[in-house]
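What follows draws every value from the coordinates through simple rules; no lab data is involved. Note that this is a predicted model, so its numbers are computed, not measured. Methodologically, a virtual Cβ is constructed for each residue, glycine included, from the backbone with ideal geometry; neighbour enumeration extends over all protein chains shown.
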Amino acid sequence: MNRKLVHVNQVDIYTESFGNPKDPAVLLIMGAMSSLDWWDEEFCERLAEKGRFVIRYDHRDLGESIVYQPGTSNYTIADLADDAFGILEAYSIEKAHITGMSLGGMIGQIMAVKHPDRVLSLTIIASSVFGTEQASLPQMDQRILDYHSKSASLDWSDREAAIAYLAGGWETLSGSKPFEKERMFKLAERELSRAKQIQSRFNYVLLGGGEEYLDRMKEIKVPVTIIHGTEDPALPFEHAQALARAIPHSELVKLEGTGHEIHKEDWDTIIEKIVTLSSSVSHL
């Protein structure tokens, strides 16, 4: 693994890469309030072993990237899409395969609409259509919102409590597959250890923008695979079905019993789908 702090769009973004830079590039984009840590290092290594150059990174307000004062709004979802393009430029990558989780999947959609010549393929995991239809789809389980409402009273200086909170947040997102407690606590500890300012993660509650890209998914012409758990409590499976309707040529892959997560039991399926999709595209 190689580490690189890149300066894009007048901000510093922390990145990590795996594999051979000469291989086809896969940019991994994580969801809201989630650092690059939640793309497990082992997952990235296994994808790289399949002949892919893998890049993961911290969004703004997360990990070792630029952070802003908690409770402020300093960027839009369109800015986050531009950050992703900026990372590719910093690595001298003209075109890449995009894999996005949750909010990352919506960022990927914007990227494929804004610069279709720079996106080779799009894998969308546990996400939703970036359009007005989203408001009419089943909403997030109230238990998730109730859990995160406790963050305001959490003593973030209490390391054990903070790690338990971060790991527990993923438990509220899990499906019926066994909750990977040990793995989640390990990743939560790494995230907390790296974070410049952990409470800035909640600035994502204020994230907006990107209206100029709403309801434009039919413009996406690159190959698309949609991967979604059947028991996702944050973005129920109907969101995946809406996305599949919005991008008619896409493939929809069901993960039975999976929640809003990248469960280790699903890694083989997800990696296979990313590799198969990227192999179907000419890199010339």
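Which value, in debye to the nearest 20, gives the size of the charge dipole of the chain about its Cα centre, when Lys and Arg are +1 and Asp and Glu are -1 at the Cβ?
440
Give the calculated FRET efficiency between LYS186 and GLU94 to the nearest 0.05, with a Förster radius of 35 Å applied to their Cβ-Cβ distance.
On the way: r = 36 Å, r/R0 = 1.02.
The computed FRET efficiency comes out at 0.45.
Each eigenvalue of the Cα gyration tensor of segment 1-155, multiplied by 5 and square-rooted, gives one semi-axis; in descending order these are 26, 19, 16 Å. Of interest is the spacing of the C-alpha centroids, which for segment 213-260 and segment 29-97 amounts to 21 Å.
Counting only complete DSSP H runs, which helices of the chain cover 15 Å or more along their long axis at the Cα atoms and score a mean Kyte-Doolittle of 0.0 or above? Before the final figure, lay out each step's value.
Values: long enough: 77-90 (20 Å, 0.87); 103-114 (16 Å, 1.17); 159-171 (18 Å, 0.08); 181-194 (20 Å, -1.32); 267-279 (18 Å, 0.52).
Qualifying helices: 77-90, 103-114, 159-171, 267-279.
List nothing, just return the count: lysine pairs in segment 87-243, 8 or more apart or interchain, with Cα separation under 19 Å. Kindly include the intermediate steps, with their values, before the conclusion.
On the way: LYS95/LYS114; LYS95/LYS221; LYS114/LYS218; LYS114/LYS221; LYS177/LYS186; LYS186/LYS196.
Final tally of qualifying lysine pairs is 6.
Scanning the chain for trypsin sites (Lys or Arg not before Pro) lying in DSSP loops with no more than 15 further Cβ atoms inside 10 Å, the longest uninterrupted stretch between such sites is 23-195. Considering only Cα atoms, the convex hull volume of segment 164-205 works out to 71 Å³ per residue. Label zone of LEU154 (point 7 Å out along Cα→Cβ, amide N under 14 Å): in segment 61-100 this covers 63. Relative to the globular-protein estimate of 2.2 N^0.38 Å, the Cα radius of gyration of segment 94-159 stands at 1.54. In the chain, a dipole from Cβ-located charges (positive for Lys and Arg, negative for Asp and Glu) runs towards its positive end, and of THR230, ALA152, GLY208 it is GLY208 whose Cα lies farthest in that direction.
The fraction of all Cα pairs in segment 69-126 landing in successive 10 Å bins from 0 to the largest distance is 24, 52, 19, 4, given as whole percents.
Each label point is 7 Å from the Cα along the Cα-to-Cβ direction; what then is the distance between the points at GLU251 and HIS115, in nm? About 2.6 nm separates the two model spin labels.
Report the calculated FRET efficiency for GLN197 and LYS4 (r = Cβ-Cβ distance, R0 = 25 Å), to the nearest 0.05. It comes out at approximately 0.75. The tail of the calculated P(r) for segment 146-284 beyond 21 Å holds 58 percent of all Cα-Cα pairs. Within the chain, the ratio Rg/Rh, alpha carbon atoms throughout and Rh by Kirkwood, equals 0.93.
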